[in-house]
Every structure is written in structure tokens, then in C-alpha cells.
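Heads up, the thing below is written out as C-alpha cells.
The values are calculated or read from the model by the stated rules, or taken from the named source; none is laboratory data. Small disclaimer: the values here were computed from a predicted structure and weren't measured. Every residue, glycine as well, gets a Cβ built from its backbone with ideal geometry; the counts of neighbours run over all protein chains shown. These area figures cover heavy atoms from the full protein model, side chains too; ligands, DNA and RNA do not enter into them. Shrake-Rupley method; radii C 1.70, N 1.55, O 1.52, S 1.80 Å.
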Amino acid sequence: MSARIAKVLIGIFLFPVAIAATFAFSQELATIKELHTLSAYFLKGVVIYLIMHLVLYKPSYFYVLGHELAHAIATLICGGKVNSIHVSGRGGAVSTTKSNFFIALFPYFFPTYTIFVWLVYFLVSLFRDISMFAGQFLFIIGFTLSLHLVMTIDSMKIKQSDILKTGYLFSVSLIYTLNILLLGLILSLVFKDFSFSAFFQTLVNQTSSSYFAIYEYLFL
């Protein structure tokens, strides 16, 4: 079996996982008690980014910068070295000593700016009480997550070399699922009522049920 066929089959295999992740995420999201008071800040960040993107300005340069930095981070995680990074509004490139599908797809499910903002907030919170800035923090989280998701969707509409190399069906299924998982992890670190372990357990249970139902339909 060729690698291309194997990736297509894995992409199809991941469909039930993506559906289960969506269901588990929405179910756990409903448990957040503070959501009705703090969600307005998050939603304002989302809406303001969308208005900016659709009407005023697409932050292509900043997205490409975050995208290439994510490639560099993935390379370092895999034990490789980064030789150079080139960034412009039209695109970018990273010269590295290592390449694999994880490095190629990492920027599509790693919201660089959102993770950076969360790290800064978390580190500062270790030394002083900054809970009064929770609203502003959620506004920035909503803004940067929207930037990541909208620009990622935009970039996937064209023939991205990263996507083509790893297979389109495989890449889209994996990127969608990992984005949901990472979003769940981020929310679990922001809201104490959002349990990532409960979210993940629901995902596993729903996925198992889906696979069993498919097996029953095909073979029993």
C-alpha cells in the first residue's frame, strides 16, 4: 500500500474522531458557569477580528510570521535546527535540517499568538493577581484565535505545499481535530469548569460508539 493511499484511509478513519471531538467540545463548553459573564469579551474579540478581516485589513504578514515560527518550533521539538526564516505578506519559508508531516502541519493547528498570550498571562499570574484583567485576556484570546482559524481556512483554499505533500483529506481531518483538541486545552486552562479530561473521555467514548456502529452496519 502506497503512502498516499494510506493517508487517504487515515483521513477517512479520522472523520468519526472529528465529529466526536465537535460533540464533546460543545458538551463540555456548556458546563462553563462563568461563560455567560465572560463570554462577551471573547465574542467581542472574535467579532472585531472578523470585521477587520472582512472590511479593513487582512493581517497576512502577521499570520505568515506566526505560521513560520510554528514551523520553527515544531522543528526544534523534533530535534532539528532552524537555519533561517523568511517572512513577507505574500508568503514565507523556513530553512531547517529536518522535515516530516508533523513539522509541515504544525502551524495549521498551533495558534502561535494565542499560545504566546496565554503564556504571558500565566507567567505574570504566578507573581501577581491579574484576575481583574480576565476580560481583556479573553478578548485577546478571541481575537488571536479568530486570526488563526480564519487565516488558516483562507490559506487552505489555495494549493498549499504543506497540505499537498501530506495529502489533502488526511491534512484537513487531522488539522480540524487537533484544532478542537487544542482549543479545549486552552479553555481548560482559562475556565476552571471546563475539564479537558472529561472532554477527552467523551471524545473517546463517542468515537468508539461511532466505529462500533459503522462496524455493525457493514458486517453484522
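Remarks
- Relative contact order of the range 82-220, pairs being alpha-carbon contacts under 8 Å that are 6 or more residues apart, as %: 22
- Given (1) 55; (2) 48; (3) 51, the label whose value is percent of Cα pairs over 23 Å apart derived from this model: (1)
- Counting 0.36 nm for each residue step from Ile214 to Ser84 and taking away their Cα separation leaves a gain of 42.1 nm.
- Total lysine pairs under 25 Å (Cα atoms) in the chain, excluding pairs fewer than 8 apart on one chain: 15
- Hz values of 3J(HN,Hα) by residue in the range 107-119 - Karplus curve (6.51, -1.76, 1.60), Gly and Pro given as x: x, 7, 10, 10, x, 3, 5, 5, 5, 4, 4, 5, 4
- Straightening the chain between Phe23 and Leu185 buys 56.8 nm, computed as 0.36 nm per residue apart minus the Cα-Cα spacing.
- Most positive-pole-ward Cα, Val46, Leu119, Asn83, against dipole of the chain from beta carbon charges: Asn83
- At R0 = 25 Å, FRET efficiency that the Cβ-Cβ distance of Phe15 and Ile77 yields, to 0.05: 0.40
- The figure for Thr112 is an accessible area of roughly 20 square angstrom, using a 1.4 Å probe on the protein chains alone.
- Label positions at Leu119 and His53, each projected 7 Å from the Cα along the C-beta direction, are separated by 2.3 nm.
- Solvent-accessible heavy-atom area per residue, rounded to whole Å², over the range 1-143 at 1.4 Å: 60
- Residue of Phe170, Phe116, Phe199 that the Gaussian network model of the chain assigns the largest fluctuation, springs spanning Cα pairs under 10 Å: Phe116
- Three-way shape label, the range 91-220, alpha-carbon gyration tensor, a/c 1.5: oblate
- Phi angles of the range 170-184 translate, via the Karplus equation with coefficients 6.51, -1.76, 1.60 and θ = phi - 60°, into HN-Hα couplings of 4, 5, 5, 4, 5, 4, 4, 4, 5, 5, 5, 4, 5, 4, x Hz per residue; Gly and Pro are given as x.
- Surface composition of the chain: carbon plus sulfur atoms contribute 71% of the solvent-accessible area (1.4 Å probe, protein chains only, all chains present).
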